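The values are calculated or read from the model by the stated rules, or taken from the named source; none is laboratory data. All values derive from a computational prediction rather than experimental measurement. Reconstructed Cβ throughout: ideal geometry from the backbone, glycine too, with neighbour counts over all protein chains shown. Note: accessible area is taken over every heavy atom of the protein model, side chains too, but ligands, DNA and RNA are not part of it. Shrake-Rupley method; radii C 1.70, N 1.55, O 1.52, S 1.80 Å.
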Amino acid sequence: MSQTPAKPSFLESIARDVAMVLKSLGGSAHQDTVIDCVAALHRTRGEPVAHDLGQAIVQAFEEFSEWFTRPFGDGSKRWALIAEPT
């Protein structure tokens, strides 16, 4: 009997959106651009865009650090995709 895969957590779902946005933007983009694009993606899907979505996006970026990097160092707001979610 096969098991149904677990539903991704809220942050994982957002991290997957970040990865999709970064991939569509050529692999890297400024943090503000990523936040705007993820919010637009949510609106396109008819999902609510909470006032703290930007914070959640940054938190997902940091929590899923195996997928993302800051290519210009820790203080940079440039984000890049280093591995696609599986």
*Could you identify the single residue in Ala19, Ala29 that is surrounded by 15 or more Cβ atoms within 10 Å (Cβ to Cβ) and not in a helix (DSSP H, G or I)?*
Ala29
*Quick one: Gly75 ticks every box in (1) open to solvent by less than 70 Å² (accessible area, probe 1.4 Å); (2) outside any helix (DSSP H, G or I) except a single one, so which number is it?*
(1)
*For Gly46, are the conditions met, namely being at pLDDT 95 or above, open to solvent by 20 Å² or more (accessible area, probe 1.4 Å) and assigned to a loop (DSSP other than H, G, I, E, B)?*
yes
*asked:* Which residue is modelled with the lowest pLDDT, if the candidates are limited to the range 1-16 and must be part of a loop (DSSP other than H, G, I, E, B) and open to solvent by less than 70 Å² (accessible area, probe 1.4 Å)?
replied: Pro8
*asked:* Just to be sure I understand the filter: pairs with C-beta atoms under 6 Å, separated by 6 or more residues or on different chains, first member in the range 52-68 and without any contact (Cβ under 8 Å) to a residue 40 or more places away in the chain, second member β-branched (Val, Ile, Thr) and surrounded by 15 or more Cβ atoms within 10 Å (Cβ to Cβ). Which pairs pass?
replied: Gly54/Ile35
*For the range 57-71, how many residues are within 10 Å of the chain's Cα centre (by Cα) and either of a type in the set (Ser, Thr, Tyr) or more than 13 Å from Arg16 (Cβ to Cβ) (or both)?*
3
